[in-house]
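J.: Pasting a structure below so you can have a look.
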Amino acid sequence: MRRLVLAISIVFVTAANRGLAQETGQPKSSAAEFRRIIEGAKSRVYPALVFVKPIREEFSGGEKKRQEVFGSGVLISPDGLAVTNHHVIDQAVEIQVVLSDKRQVPAEIVGKDADTDLALIRLKDLKPGESLPYASFADSNRVQAGDFVMALGSPFGFARSISLGIVSNTERYLGFESKHIYNNFIQTDAAINPGNSGGPLVDVDGQIVGINTLGVPGGQGIGFSIPSNVVTEVVERLRTKGRVDRAWTGLQLQPLKDFNSNTFTNSDAGVLVKDVEKDSPAVAAGVQAGDILLEAAGKAVTAMYAEELPAARRQLVDLAIAEPAALVVRRGDKSVKLSLTPVLKGSIDGTDFALKRWNFTIKEFNEFSEPELFFYEKGGVFVNGVRFPGNAQKAGLRRRDIVLKIDGREVKSVADMKQLYDELLADTKRTPRVRVDVRRGQFLVPIVLDYKEDFSKGD
């Protein structure tokens, strides 16, 4: 036990030496001095930490329900702008925020970006002329593995908590099996649990180096934060436009040296075009799978390793929308010049609607939100949830069925579905039965939905 205490003391002393050397140029080996550094960093950002309590409309259970969820955020301006995660405020119909002085105030969404899981909210109903404590951002490019950091937030709904750890990795790529393809993450062993999402990751100088967003279920000492440089760029776009516009090219990229798939391309520059999405601007431009993309709009594009893919993707999504961009690709031993005109990337949020009497919910989809469904149908609506027990469940409707027709009439959007649903329910003379044609994978499935029984009674 004494050895363990000694080892911990040595770690703390090392951190203290480093912090004091930066501040005074005179390193001191003292646990008390290390405590002073941590307390100083905490005092700079702790007052800016907020507890975020959204009321969310949830549709995945087959009916529209409201539930309160918990998350974290951090104030970044004296007039009440705060950063949190997109998934914290997603589908929120009301947001309450608890400040450091234990006041609870309402907040509104300024903008959100699902692709980077970031959102910007503004506090309302503040005192006239009130100036709130706020935190500033550090340059995340200067963060190094081994740096001491603190994760601030509200784990499991417990307001205001701090965990201490180090930076384990500064460029962790998570895009192999997830939607996080536009940035790398700072990995830390500081505890990041449910409820910490949206809170700041802070360095020993009391500046934000990241926004906490992911923990690994069942994993110990593995958490991920969005680097502050990504956060500041996205936040500025949200502040000015309320959204982040991105170009869509249809290019799917792969690093030249891909250790994940053991694929290695013989080239010292560029990025491999893994695939080209059907009916995309890349197809119209003549780009082919297997090409090596060298330039886009006059700028070199390179991703030798997976960690460099997010930067290459950001180059493409930042191309001017609806304007031709010159591409240079290597095809075999030849250099080929092409012209590609990107289009605006669609929303991945989608719109939900609850068919209460029929006991299922639907959601719109496109090639960006649900590429697996888009493979079968070029957009429309799908079953987002089926209530149990309920009429849809009894009829055999399943989650992720694509709704094609209702009573023989095509359904292309939530608006189409709502109009048909209202019309059919208003027709009291008809038998309470409707035909629903759905696509289930490669199969077309006709379903007869009998809704004479009202399962919503008693809710």
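The values are calculated or read from the model by the stated rules, or taken from the named source; none is laboratory data. Being a predicted model, the structure only gives us computed values, none of them experimental. Reconstructed Cβ throughout: ideal geometry from the backbone, glycine too, with neighbour counts over all protein chains shown.
J.: Give segment 77-104 a look and list any residue that's assigned to a loop (DSSP other than H, G, I, E, B) and surrounded by 22 or more Cβ atoms within 10 Å (Cβ to Cβ), or say none.
T.: Listed by number, the residues that qualify are 80, 85.
J.: Among (1) under 30 Å from residue 126 (Cβ atoms); (2) at pLDDT below 95; (3) within 26 Å of the chain's Cα centre (by Cα), there is one condition residue 64 misses while meeting the rest; what is its number?
T.: Condition not satisfied by residue 64: (1).
J.: Quick one: count up the residues across segment 383-400 that are among the hydrophobic types (A, V, I, L, M, F, W, C) and surrounded by 22 or more Cβ atoms within 10 Å (Cβ to Cβ).
T.: Narrowing segment 383-400 to residues among the hydrophobic types (A, V, I, L, M, F, W, C): 383, 386, 388, 392, 395, 397.
Those still in the list that are surrounded by 22 or more Cβ atoms within 10 Å (Cβ to Cβ) too: 383, 386, 392, 397.
The qualifying residues number 4.
J.: Take the residues in segment 213-231 that are of a type in the set (Val, Ile, Thr) and under 15 Å from the mean Cα position of the chain (by Cα), then tell me which one is surrounded by the fewest Cβ atoms within 10 Å (Cβ to Cβ).
T.: Across segment 213-231, the extreme among qualifying residues is 230.
J.: Looking at (1) part of a strand (DSSP E or B); (2) out of contact with any Leu (no Cβ under 6 Å at 6 or more places or on another chain), which is the one condition that is false for residue 382?
T.: Here residue 382 meets the rest and fails (2).
J.: Would you confirm whether or not segment 275-282 contains a residue that is touching a residue at least 60 places away in the same chain (Cβ under 8 Å) and among the small types (Gly, Ala, Ser)?
T.: Scanning segment 275-282 turns up no residue that is touching a residue at least 60 places away in the same chain (Cβ under 8 Å) and among the small types (Gly, Ala, Ser).
J.: Go through segment 191-212 and count every residue that is crowded, with 24+ Cβ neighbours inside 10 Å, under 17 Å from residue 41 (Cβ atoms) and not β-branched (Val, Ile, Thr).
T.: 5
J.: Yes or no: segment 402-414 includes at least one residue that is surrounded by 15 or more Cβ atoms within 10 Å (Cβ to Cβ), in a loop (DSSP other than H, G, I, E, B) and among the β-branched types (Val, Ile, Thr).
T.: Yes, some residue in segment 402-414 is surrounded by 15 or more Cβ atoms within 10 Å (Cβ to Cβ), in a loop (DSSP other than H, G, I, E, B) and among the β-branched types (Val, Ile, Thr).
J.: Of all residues in segment 420-458, how many are within 39 Å of the chain's Cα centre (by Cα), outside any strand (DSSP E or B) and buried (at least 16 other Cβ atoms within 10 Å of the Cβ)?
T.: Qualifying residue count, segment 420-458: 6.
J.: I've got another one for you. Can you find even one residue in segment 337-351 that is more than 30 Å from residue 297 (Cα to Cα) and part of a helix (DSSP H, G or I)? Can you show your working first?
T.: Just the residues of segment 337-351 that are more than 30 Å from residue 297 (Cα to Cα), to begin with: 350-351.
The next check asks that each one be part of a helix (DSSP H, G or I); those that pass are none.
Scanning segment 337-351 turns up no residue that is more than 30 Å from residue 297 (Cα to Cα) and part of a helix (DSSP H, G or I).
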